[in-house]
Amino acid sequence: MQIPLIFVFLLLVACSGERATKPVPADTYNIAYNVLHDAETDDYEIFVMNADGSGKKNISNWKGVDWVYDAYDDKLFFLSDRDTCYRCYFLYEMDADGNNVRKISDLRLQDCWITLRKNGAELIINPRLDGREIFYIIDRSGNLLDSIAPPFAYMNDPVFSPDGQQIVFRAAKDRPSKERTDLDELYRINADGSGLQQLTHYPKDDTTANWHDYHAGPPRWNAAQNIITYQSKLQGKYSLYAINPDGSGFHKLIKNNNLNEGWHHWSPDGNWLAIEMFDDEQTIFDIYMLNWQSQEITRLTDSDTFEQAPVFVKPAKM
């Protein structure tokens, strides 16, 4: 069922640079997203739909954990525990219609975001290695090209800058635990491992987030607006926030929204934002689309299942 438009007036704080005068039509893209298909068996499936919410289809159809993290052109990149032990994740690629599933690497990975650079030729990943926190840059055949090891006990969710020369990621000096004193923040580093800089600073007087909540969630880099966006639980609510690449210009991305805002993805032209929104009890998760230029929100999903972490992808080539 196609969901009608919900017109919500949002005041989006102006950021550096001018907005594009004419966004690429939303129907240029499909949206892939993750669905908790069967909670009893911990079965997560990857679905794809049109940009207006129509044509929803399960494209992974695997009784385990499949979770899409990024896309390039009409290819989706996802982690899966298929053909292995429960929640042992490996990297796969498939077409936007679910065809041509291919395992990229035999390297076991952490459960975290990945991104691509150089026209989809290279990926940055977070391998699961005992006692080591490191990022690997690999090619689409799984060959190791480079490694980056910033000095942190915990790091996750790396994202390339639009030119591929920098990386923004989450990190902390302590591993997540009730006893930790150093919270997760966003950091930026050059792709050669130099120039480490902290970008976010969670308010010390805000104690509304639990130790396991995102203080600085997985970042996304909007090339058109030249901003980095991320979720954070501030004042008891998850919202999206934006900063400039140097850490300045901190502001709340969406105003006057009563729902919590979480994992999200910018369209390649930077004019559309696909985002999961959910209630305070985290019992209902749905996918929404924000038109950055018109400030209009469209609800794309409406079911009793968890529908999360949308990713823009071009329709599969015929």
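Kindly indicate the residue of the range 39-81 that is among the basic types (Lys, Arg) and part of a loop (DSSP other than H, G, I, E, B) and also farthest from Pro162 (Cα to Cα) among those meeting that condition.
Just the residues of the range 39-81 that are among the basic types (Lys, Arg), to begin with: 56-57, 63, 75.
Checking the rest, the ones that are also part of a loop (DSSP other than H, G, I, E, B) come to 56, 63.
On the way: Lys56: 30, Lys63: 35 Å.
Filtering the range 39-81 for residues that are among the basic types (Lys, Arg) and part of a loop (DSSP other than H, G, I, E, B), the one farthest from Pro162 (Cα to Cα) comes out as Lys63.
If I go through the range 180-193 residue by residue, how many of them are surrounded by fewer than 19 Cβ atoms within 10 Å (Cβ to Cβ) and closer than 28 Å to Ile104 by Cα?
So the answer is 3.
I'd like the residue in the range 103-118 that is in a loop (DSSP other than H, G, I, E, B), without any contact (Cβ under 8 Å) to a residue 40 or more places away in the chain and open to solvent by 30 Å² or more (accessible area, probe 1.4 Å) and, out of all such residues, is nearest to Ala309 (Cα to Cα). Give the steps one after another, and end with the answer.
Taking the range 103-118 first, the residues in a loop (DSSP other than H, G, I, E, B) are 104-108, 110-114, 118.
Narrowing further to those that are without any contact (Cβ under 8 Å) to a residue 40 or more places away in the chain: 104-108.
Within this subset, residues satisfying the condition of being open to solvent by 30 Å² or more (accessible area, probe 1.4 Å) are 106-108.
On the way: Asp106: 24, Leu107: 23, Arg108: 21 Å.
Residue satisfying both the conditions and the ranking: Arg108.
Wholly within the range 232-318, which strands (runs of 3 or more DSSP E) include no fewer than the required count, namely at least 2 residues that are within 16 Å of the chain's Cα centre (by Cα)?
Working: elements: 237-243, 260-266, 272-278, 285-291, 296-299, 307-313.
Answer list for the range 232-318: 237-243, 260-266, 272-278, 285-291, 307-313.
Condition first: under 17 Å from Met277 (Cβ atoms) and among the aliphatic types (A, V, I, L, M). Now tell me which residues in the range 210-241 satisfy that.
Selection gives Leu234, Leu240.
Only one residue in Ser161, Ser177 is out of contact with any Leu (no Cβ under 8 Å at 6 or more places or on another chain), of a type in the set (Ser, Thr, Tyr) and open to solvent by less than 10 Å² (accessible area, probe 1.4 Å). Which one? Quick ask: steps written out before the conclusion?
Numbers: Ser177 fails: open to solvent by less than 10 Å² (accessible area, probe 1.4 Å).
One residue alone meets the criteria, Ser161.
With the checklist (1) of a type outside the set (D, E, K, R); (2) more than 29 Å from Leu129 (Cα to Cα); (3) open to solvent by 60 Å² or more (accessible area, probe 1.4 Å) in hand, flag the one item Ile59 doesn't pass.
Every listed condition holds for Ile59 apart from (3).
The values are calculated or read from the model by the stated rules, or taken from the named source; none is laboratory data. Just so we're clear, the structure is a prediction, and the values are computed from it rather than from any experiment. A quick note on method: Cβ atoms are made from the backbone with ideal geometry, for glycine too, and the neighbour counts reach across all protein chains shown. All accessible areas refer to the heavy atoms of the entire protein, side chains included, with ligands and DNA or RNA removed. Shrake-Rupley method; radii C 1.70, N 1.55, O 1.52, S 1.80 Å.
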